Amino acid sequence: MSVTKPNGTPWWSWLWPAVALVILAFHLAHWTSIVLTAAEAFALIATVFAAVHHAEVVALRVGEPLGTLVLALAVTIIEVALIVSIMVGGGPETTTLARDTIFAVVMIVCNGIIGICFLAGGLRHHEQEFQLWGANATLTVLIALTTLTLVLPNVTRATPGPTFSRSQLAFEATVSFVLYLSFLFVQAIRHRYYFLPRGGEQEADAPPPPPNKVVLISAGLLLASLVIVVGMAKALTPTVERMIEAAGAPRNMVGIVIAGLVLLPEGVASYRAATANRLQTSINLALGSALASIGLTIPAVAGISLALSKPLTLGLNAEEEVLLALTLVITILSLGTGRTTVLQGTVHLIIFAVFLFLSVVP
């Protein structure tokens, strides 16, 4: 995929969204077939990669750590749009979708993406370093967000079950948003150097920033790609739900599929950064996505829930709480030294495998 247009934009980064738009038009015209469904799935994944490519172009121009923020926000917009669209059009079974998706995001990021990045980076570079201050700041917010969002509903008494009352939900949405904004202030303004490579130097293998013309084109294509991805995902959701039901898998697999879809290109970008010995960028990408997923998804979903009076279940069950606690403890230990090896990557991947297995065989 080295062929580019004269303006420097790779051909696939604009072709796949165009193809997806055509396929989406066939779907809206009520054309249905197995071939069209397969084409929709391929076009959706290809367009997600195109969207993240354009986000990376913009990110390279604005630099670190704002660059990783652009990527995180792009992924989160896709996630929020998918959850909200399914909630609005779905029945009572969608009450746990936000919880399942957010929990899956945390497990995929903290165990799957971080695990493969640590393992791949350790195999190639033996030992890698990153800014301990930035990792600690990110984990502090992540632990607070996950606990307040996914655990606290299980012990509140205003409503029965793992839910918040309307006032509690509104307060939780506000708290989540404030926590995320506070993190952005620290990351982008007050303590920006926490999230730069050790010593503040530029990472040696980082590509040079693109020209303004290419950045403007990518910004426009990014917006178009995000809109197309949301439309394609909405069109494919009923098919995914039927497949999960036919396989006899638990309902929470829908949330895992959504999380895996939106994090796939982010995971690839993190992996590439780790293998290029740019672990700081890799960690910024991964953990930043998890924070954005909770800090922005919860306010959006809570707003829809309150406005439409749709019930929302956020509390995890006991099994999931154990996995969440184990994940957070292991992540604290793994990121607590500023250095990583293949051992940390192996441990995280084992926990991720346990999460996937118990999701299918609870």
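Based on what the data block shows, is LEU324 at pLDDT 90 or above and over 21 Å from the mean Cα position of the chain (by Cα)? Against the criterion (at pLDDT 90 or above and over 21 Å from the mean Cα position of the chain (by Cα)), LEU324 does not qualify. With (1) farther than 30 Å from VAL361 by Cβ; (2) among the hydrophobic types (A, V, I, L, M, F, W, C); (3) modelled with pLDDT under 75 as the list, and LEU216 as the residue in question, which single condition is left unmet? LEU216 satisfies all of (1) farther than 30 Å from VAL361 by Cβ; (2) among the hydrophobic types (A, V, I, L, M, F, W, C); (3) modelled with pLDDT under 75 except (3).
Condition check for THR146 on (1) surrounded by 15 or more Cβ atoms within 10 Å (Cβ to Cβ); (2) on the phi > 0 side of the Ramachandran plot: one failure, at (2).
When GLY8 is tested against (1) modelled with pLDDT of 75 or more; (2) of a type outside the set (Phe, Trp, Tyr); (3) out of contact with any Gly (no Cβ under 7 Å at 6 or more places or on another chain), only condition (1) is not met. Against the condition outside any loop (DSSP other than H, G, I, E, B), of a type in the set (Val, Ile, Thr) and either exposed (fewer than 14 other Cβ atoms within 10 Å of the Cβ) or touching a Leu at 6+ places or on another chain (Cβ under 8 Å) (or both), how does VAL178 come out, does it pass? For VAL178, the condition - outside any loop (DSSP other than H, G, I, E, B), of a type in the set (Val, Ile, Thr) and either exposed (fewer than 14 other Cβ atoms within 10 Å of the Cβ) or touching a Leu at 6+ places or on another chain (Cβ under 8 Å) (or both) - is met.
Would you check if there is a residue in the stretch 263-275 being basic (Lys, Arg) and either farther than 30 Å from HIS125 by Cα or touching a strand residue (DSSP E or B) at 6+ places or on another chain (Cβ under 6 Å) (or both)? The answer is no; no qualifying residue exists.
Right, THR275: of a type in the set (S, T, N, Q) and in contact with a Cys (Cβ under 6 Å, 6 or more places away or on another chain) or not? Spell out how you get there, then give the answer.
Numbers: of a type in the set (S, T, N, Q): yes; in contact with a Cys (Cβ under 6 Å, 6 or more places away or on another chain): no.
Considered against the rule, which asks whether it is of a type in the set (S, T, N, Q) and in contact with a Cys (Cβ under 6 Å, 6 or more places away or on another chain), THR275 comes out as no.
Quick check on my filter: what residues within the stretch 165-181 are within 18 Å of the chain's Cα centre (by Cα) and over 11 Å from VAL141 (Cβ atoms)?
First, the residues of the stretch 165-181 that are within 18 Å of the chain's Cα centre (by Cα): 176-177, 179-181.
Passing the criteria: only PHE177.
Across the stretch 143-167, the number of residues qualifying as closer than 24 Å to VAL322 by Cβ and either in contact with a Cys (Cβ under 9 Å, 6 or more places away or on another chain) or outside any loop (DSSP other than H, G, I, E, B) (or both) comes to 13.
Kindly indicate whether any position in the stretch 33-47 is touching a Pro at 6+ places or on another chain (Cβ under 7 Å), at pLDDT below 85 and under 20 Å from GLY260 (Cα atoms). The answer is no; no qualifying residue exists. Taking the criterion of being crowded, with 24+ Cβ neighbours inside 10 Å and either more than 23 Å from VAL80 (Cα to Cα) or over 9 Å from the mean Cα position of the chain (by Cα) (or both), the residues of the stretch 265-277 that qualify are ALA269, SER270, ALA273, ALA274. Close Cβ contacts (under 8 Å, 6 or more residues apart or on different chains) running from residues in the stretch 222-240 that are surrounded by fewer than 16 Cβ atoms within 10 Å (Cβ to Cβ) to residues that are modelled with pLDDT of 80 or more comprise THR239/THR37. Of the residues making up the stretch 75-130, those that are surrounded by fewer than 19 Cβ atoms within 10 Å (Cβ to Cβ) and small (Gly, Ala, Ser) are SER85, GLY89, GLY90, GLY91, ALA120. Taking the stretch 53-67 as the range and being at pLDDT 75 or above and under 16 Å from the mean Cα position of the chain (by Cα) as the test, the residues that pass are HIS53, ALA55, GLU56. Taking the conditions exactly as written (buried (at least 21 other Cβ atoms within 10 Å of the Cβ), more than 20 Å from the chain's Cα centre (by Cα) and more than 23 Å from CYS117 (Cβ to Cβ)), does LEU306 satisfy them or not? No, not satisfied.
Return the only residue of GLU266, GLU241 being modelled with pLDDT under 80 and under 21 Å from VAL141 (Cβ atoms). Give the steps one after another, and end with the answer.
Numbers: GLU241 fails: under 21 Å from VAL141 (Cβ atoms).
Only one candidate qualifies: GLU266.
Among the residues of the stretch 308-359, none is identified as of a type in the set (Ser, Thr, Tyr), closer than 22 Å to VAL151 by Cβ and touching a Gly at 6+ places or on another chain (Cβ under 6 Å).
The values are calculated or read from the model by the stated rules, or taken from the named source; none is laboratory data. This structure is a prediction, so every number in the text was calculated from the model and none was measured. Note that we place each Cβ from the backbone using ideal geometry, even for glycine, and neighbour counts take in every protein chain shown.
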